[in-house]
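Presented below is the structure to which this report refers.
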Amino acid sequence: MSKIYCVDDEKVISEQIEQDTVVINLEKGYYYNFNPTASVILLLLKNGITKEQLIMEYSSYFNVAPDIADRDVSKIFAYLLQKSLIAETSNMNETVSIDDHYEYVEPEIVEFDDMQEMLLLDPIHEVKDKGWPYKKDE
């Protein structure tokens, strides 16, 4: 039986902005920009799906050959696992419906760490008595 994966909602938040998606890993403080094609992969992973189903849905959505879908999805899937943006789950809900249609381009994710310190700062618990932005001494 194939494993089911989904976006790790406990660590990850995302927001679609036009055709791209901005994703933040709250645990590590990194944020990512997903191009439209990579955004489709993320959307398909929202409710839980096997990698094999993901490849089939991707191939169908973009009307690309199965070998291209396998190449694209496998590359992005491995990256999402490595960065802890997706996790194994036991739930598989209905497939997500994607209303917009995006032109096929190779999926791309760009990682940013320039705001890591700010994203990891817990302004309620990790500040001096003076308040934010003064961090407690380490």
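General remarks:
- Residues (at pLDDT below 95 and either over 13 Å from the mean Cα position of the chain (by Cα) or closer than 11 Å to ILE76 by Cβ (or both)) located in region 24-36: GLU27, LYS28, GLY29
- In region 60-78, residue surrounded by the fewest Cβ atoms within 10 Å (Cβ to Cβ) [restricted to those that are of a type in the set (Gly, Ala, Ser), assigned to a helix (DSSP H, G or I) and at pLDDT 95 or above]: ALA78
- Residue in region 14-36 that is in contact (Cβ under 8 Å) with a residue 60 or more places away in the chain and in a helix (DSSP H, G or I) present: yes
The values are calculated or read from the model by the stated rules, or taken from the named source; none is laboratory data. Here the structure is a predicted model, which means the values were calculated and not measured. Methodologically, a virtual Cβ is constructed for each residue, glycine included, from the backbone with ideal geometry; neighbour enumeration extends over all protein chains shown.
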